[in-house]
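Beneath this line is the structure, given in structure tokens, with notes to follow.
The values are calculated or read from the model by the stated rules, or taken from the named source; none is laboratory data. Since the structure is predicted, the reported quantities are computational estimates derived from the model, not experimental observations. Heads up, the Cβs are rebuilt from the backbone with ideal geometry, glycines too, and the neighbour counts pull from every protein chain shown.
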Amino acid sequence: MFDFIFFVFSFVCIGSALFVAFTPNVVHAALGLASTFATLAGFYVLLGADFLAITQIAIYVGGILVLMLFGIMYTHTIARVSGEQVMMQVGPALLVVILTLFTLVATILSTAWPVKEVAPPAPTADRIGVLLMTDYLLPFEVAAILLLVALVGAVVIAQTPVRKSIEESVD
Amino acid sequence: MYENYAHVLIFALVAVGVVVAPLILFALIRPVRPDAEKLSAYECGERVVGTPWIQFNIRYYLVCLVFLVFEVEILLLFPWALVYGAFIGGPEQVEALAQGAANTSEASGGMAFVAMFIFMVILAVGLAYDWGKGYLEWETEITTSPEIEEKEVA
């Protein structure tokens, strides 16, 4: 049953990723990306990482994707996107793809992949909570500093182009 | 744990099915005779003006950036909120949750409270900075300018 669910998730995930790569419509691509992100959350659940799955849904589907959609909506020429995709760096891209494929296949073939029956994993959120408050207290507070930097930095950097764009739209 | 997520999966499948099943069903049984009038977007009987691909108000972007940071903060609040009761109860209750994964000898409700208080204060500084610098201001006198509205329609 788990194998079946895993393959359904894989099929949807890879299918949506291909759709993102090949559709000429950027808004459709963003929706395909939502599907990819959501099925990745399914993989996390299958691996027993329930908190990570919720995080994936909340941050990637609920936050980052909305940010990307906003980015698309702000594009001036969104209504005049041409239907073709031009490949510019065919040679270098091919080289990178072949090298990546070789690395992946070599790793897959050379790894033993031991399969073991394990008990269904317990919910992880409370253990994460205890670890954040004890062993990882300092990284937890450092994460707050990181978020502070993001909060101030992102807004300060985005502020200038946003103001410029507002002034242009008024002129 | 998997049983709980089976419920989530069923809900997700029903949600997708409710949308997809009628689309497929009606595509199979409806006659297809399109004309320009039928293919136009239906907007409650009003004639559609302009394109739906207008440029959104770019001020949303700053709000979205701030939202993303606070969403991460809320997600870090959840595990803390789950175990805060145990921390008030004392190290034994925390140990029962941690199952030997963490050093819980110094766990106490006051410590958990102070730790999260510091976390919140650090982020409040960021919010205060953005607010005080006026980055969260909406500048309504510009938004309500009729020129923009005309441009969006055109």
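Just one of B:69, B:49 is assigned to a helix (DSSP H, G or I) and closer than 29 Å to residue A:166 by Cβ; which is it?
Criteria check complete, one pass: B:69.
Among the residues of region B:93-127, write down those that are closer than 16 Å to residue A:127 by Cα, in contact with a Leu (Cβ under 9 Å, 6 or more places away or on another chain) and of a type outside the set (A, V, I, L, M, F, W, C).
Within region B:93-127, B:104 is the sole residue that qualifies.
Just a yes or no: is a residue in region A:97-112 over 29 Å from residue B:117 (Cα atoms), surrounded by 10 or more Cβ atoms within 10 Å (Cβ to Cβ) and either facing another protein chain (nearest Cβ under 8 Å) or among the hydroxyl-bearing types (Ser, Thr, Tyr) (or both)?
Within region A:97-112, the first condition is being over 29 Å from residue B:117 (Cα atoms), and the residues that meet it are A:97-112.
Pick out the ones that are also surrounded by 10 or more Cβ atoms within 10 Å (Cβ to Cβ) and you get A:97-106.
Cutting the leftovers down to either facing another protein chain (nearest Cβ under 8 Å) or among the hydroxyl-bearing types (Ser, Thr, Tyr) (or both) gives us A:100, A:103.
Within region A:97-112, one or more residues are over 29 Å from residue B:117 (Cα atoms), surrounded by 10 or more Cβ atoms within 10 Å (Cβ to Cβ) and either facing another protein chain (nearest Cβ under 8 Å) or among the hydroxyl-bearing types (Ser, Thr, Tyr) (or both).
Please indicate, with yes or no, whether at least one residue in region B:77-94 is at the interface with chain A (Cβ under 7 Å from one of its Cβ atoms), closer than 20 Å to residue A:140 by Cβ and surrounded by fewer than 18 Cβ atoms within 10 Å (Cβ to Cβ).
The answer is yes; a qualifying residue exists.
Check B:23, B:13, B:28 and return the single one that is more than 8 Å from every other protein chain (Cβ to nearest Cβ) and more than 32 Å from the chain's Cα centre (by Cα). If you could, list the steps in order and put the result at the bottom.
On the way: B:23 fails: more than 32 Å from the chain's Cα centre (by Cα); B:13 fails: more than 32 Å from the chain's Cα centre (by Cα).
Selected residue: B:28, the only one of B:23, B:13, B:28 that is more than 8 Å from every other protein chain (Cβ to nearest Cβ) and more than 32 Å from the chain's Cα centre (by Cα).
Go through region B:97-130 and report how many residues are part of a helix (DSSP H, G or I) and either modelled with pLDDT of 90 or more or surrounded by 13 or more Cβ atoms within 10 Å (Cβ to Cβ) (or both). Walk me through it before giving the result.
Initial filter on region B:97-130 (part of a helix (DSSP H, G or I)): B:97-98, B:109-130.
Next, only the ones that are either modelled with pLDDT of 90 or more or surrounded by 13 or more Cβ atoms within 10 Å (Cβ to Cβ) (or both) stay: B:97-98, B:109, B:111-130.
Adding up the residues that qualify gives 23.
Report the residue count in region B:77-101 for those that are under 10 Å from residue A:129 (Cβ atoms) and in contact with a helix residue (DSSP H, G or I) (Cβ under 7 Å, 6 or more places away or on another chain).
Of the residues in region B:77-101, 11 are under 10 Å from residue A:129 (Cβ atoms) and in contact with a helix residue (DSSP H, G or I) (Cβ under 7 Å, 6 or more places away or on another chain).
The rows are residues; the columns are (1) surrounded by 12 or more Cβ atoms within 10 Å (Cβ to Cβ); (2) touching a helix residue (DSSP H, G or I) at 6+ places or on another chain (Cβ under 6 Å); (3) within 14 Å of chain B (Cβ to nearest Cβ).
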| site | (1), (2), (3) |
| --- | --- |
| A:12 | yes, yes, yes |
| A:17 | yes, yes, no |
| A:31 | yes, no, yes |
| A:36 | yes, yes, no |
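Taking region B:1-51 only, how many residues are aromatic (Phe, Trp, Tyr) and either at pLDDT 90 or above or surrounded by fewer than 11 Cβ atoms within 10 Å (Cβ to Cβ) (or both)?
Number satisfying all stated conditions: 3.
Yes or no, residue by residue, for (1) at the interface with chain A (Cβ under 7 Å from one of its Cβ atoms); (2) touching a strand residue (DSSP E or B) at 6+ places or on another chain (Cβ under 8 Å); (3) more than 27 Å from residue A:57 (Cβ to Cβ):
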residue: B:45; (1), (2), (3): no, no, yes
residue: B:69; (1), (2), (3): yes, no, no
residue: B:73; (1), (2), (3): yes, no, no
residue: B:109; (1), (2), (3): no, no, yes
residue: B:120; (1), (2), (3): no, no, no
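When you look at residue B:83, is it assigned to a helix (DSSP H, G or I), in the same structural domain as residue B:113 (by TED's automatic domain parsing) and not charged (D, E, K, R), yes or no?
yes
On the given criteria, is residue A:55 touching a Cys at 6+ places or on another chain (Cβ under 6 Å) and surrounded by 17 or more Cβ atoms within 10 Å (Cβ to Cβ)?
no
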